[in-house]
Amino acid sequence: MSSEEGLSSTISDWLLFNSWWLLLPFIMLLVVAAFIVAFVLLLYMISPLISPKPLKLNGAHVVVTGGSSGIGKCIAMECYKQGAFITLVARDESKLVQAKKEVEKCAINDKQVVLCISVDVSKDYGQVESVIKQAQEKLGPVDMLVNCAGTSVSGKFEEVEVDRFRRLMEVNYLGSVYPTRAVITTMKERRMGRIMFVSSQAGQIGLFGYTAYSPSKFALRGLAESLQMEMKPYNIYVTVAYPPDTDTPGLAEENKTKPLETKLISETSGVCQPEQVAKIVVKDAVQGNFTSSIGPDGYMLSALTCGMSPVTSITEGLQQIVTMGLFRTIALFYLGSFDSIVRRCMIQREQESKTGDKSE
């Protein structure tokens with residue numbers, strides 16, 4: 001063998017040896033990617049094993065507070081379509097009668113019953129406990145409680161009457177505490193049940209004009225998290241629903257006094273129909289999901305604000321981990337946009353004030 005051939009062979013061997021080292025990072029990347037894919041597939045496979053067993057609504061007794069209109073009425077109708085027995089709870093008796101007729105049109109069999117109870121769930125716990133007991137005597141133990149009674153007030157902090165702060169906490173918070181307290185003992189004895197709190201996207205993020213409303217909805221989150229930790233060993237699952245602005249009589253009333261800033265900020269997410277909201281939140285409650293969100297904005301908000309909230313499945317937790325950074329980046333742009341709206345409205349008012357002073 002000549003010296004030239006030996007040199008050529010040596011160079012070939014060296015290139016072959018070093019090419020493996022050059023390929024090593026790519027091989028490791030493929031191995032890591034394969035591991036991640038396998039891990040995610042494994043999570044999807046075992047997730048149903050640790051998730052709650054879905055509640056069957058056919059024949060179940062569902063109590064809906066605030067059930068005479070809006071989201072509450074649509075939730076009652078959605079449950080009735082799935083064979084549930086319904087107890088509607090609200091203050092206005094005439095609206096309850098009308099709601100009962102609408103719900104009954106959704107029956108899937110002639111055994112279903114709609115019971116109406118007129119009571120203010122935020123006033124007297126003893127009275128709430130008494131009417132829930134009556135409902136259970138007629139339709140059986142409560143399988144699912146939907147706390148949908150609520151009201152809204154929008155306005156600048158210093159312009160909202162002090163009594164309104166107290167009243168909103170009574171209706172939106174205590175109005176959910178009292179019915180829940182009335183059904184929880186029976187649910188624990190039966191070791192089954194679902195409890196839904198209807199909050200709001202304003203219960204995930206504090207917005208201009210909602211200094212009275214947002215805290216009352218944020219409070220439901222704290223109640224739900226604490227209650228879920230207590231109730232999980234008893235196979236009772238809590239759901240917090242965060243609907244966006246929804247086309248209801250309550251929203252129409254709120255819009256009459258809503259500040260311009262609040263209107264402009266709210267318009268960035270649009271308005272949902274109550275029927276759409278009802279389908280989603282009922283499905284989540286039946287599945288035992290802790291969080292129920294509507295639309296892309298709702299999903300992003302729920303992921304961003306998940307904090308120490310419980311998860312129903314491993315995949316849900318994994319999704320939150322993966323999307324957190326991206327969603328936080330998007331959220332910063334939203335917050336900048338909201339601040340810009342507030343500043344523009346303030347400048348506009350100042351200019352109008354100066355113009356008014358000059359005209360005088």
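Quick look at the numbers
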{"read-out": "Accessible area of E267 in the full protein assembly, 1.4 Å probe (Å², nearest 10)", "value": "130 Å²"}
{"read-out": "Nonlocal amide H pairs with T87, under 5 Å, H built at 1.01 Å", "value": "V62, V63, V64, L115"}
{"read-out": "Integer Hz, Karplus 6.51/-1.76/1.60 couplings in order for segment 259-273, x for Gly and Pro", "value": "x, 4, 4, 5, 4, 5, 5, 5, 5, 5, 10, x, 10, 9, 8"}
{"read-out": "Listed residue pairs exceeding 27 Å between alpha carbons, taken from K101/K256; K53/K81; K100/K283", "value": "K101/K256"}
{"read-out": "Alpha-carbon radius of gyration plus Dmax, which is the widest Cα pair, for segment 264-348 in Å", "value": "15.5, 49"}
{"read-out": "Cα-derived Rg to Rh of the chain, Kirkwood definition", "value": "1.18"}
{"read-out": "The chain - accessible surface per residue (Å², probe 1.4 Å)", "value": "55 Å²"}
{"read-out": "Distant-in-sequence amide H partners of T151 (H built 1.01 Å from N, under 5 Å)", "value": "N172"}
{"read-out": "Whichever aspartates and glutamates have a C-alpha closer than 18 Å to that of K138, once near sequence neighbours (fewer than 8 apart) are set aside", "value": "E104, D110, E129"}
{"read-out": "Most mobile of L251, L29, L304 in a GNM of the chain (Cα contacts under 10 Å)", "value": "L29"}
{"read-out": "Among E137, E102, E129, residue whose mean-square fluctuation peaks in a GNM of the chain (springs only between Cα atoms under 10 Å)", "value": "E137"}
{"read-out": "Candidates S293, S226, S154: whichever shows maximal mean-square fluctuation once the chain is modelled as a Gaussian network with Cα springs under 10 Å", "value": "S226"}
{"read-out": "Helix-only mean residue ellipticity at 222 nm for the chain, each DSSP H run of n ≥ 4 adding -39500 (n - 2.57), per residue, nearest 500", "value": "-20000 deg cm²/dmol"}
{"read-out": "5 angstrom amide H check on T239, placed H, neighbours 5+ away", "value": "I195, M196, F197"}
{"read-out": "Helical segments meeting 30 Å axial Cα length and Kyte-Doolittle 1.6 threshold in the chain (DSSP H)", "value": "3-50"}
{"read-out": "Rounded percent of accessible protein surface that carbon and sulfur make up, the chain, 1.4 Å probe", "value": "60 percent"}
{"read-out": "Relative contact order for the chain, counting Cα pairs under 8 Å that sit 6 or more residues apart, in percent", "value": "16 percent"}
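The values are calculated or read from the model by the stated rules, or taken from the named source; none is laboratory data. This structure is a prediction, so every number in the text was calculated from the model and none was measured. Protein only, heavy atoms only, side chains kept; ligands, DNA and RNA dropped before computing areas. Shrake-Rupley method; radii C 1.70, N 1.55, O 1.52, S 1.80 Å.
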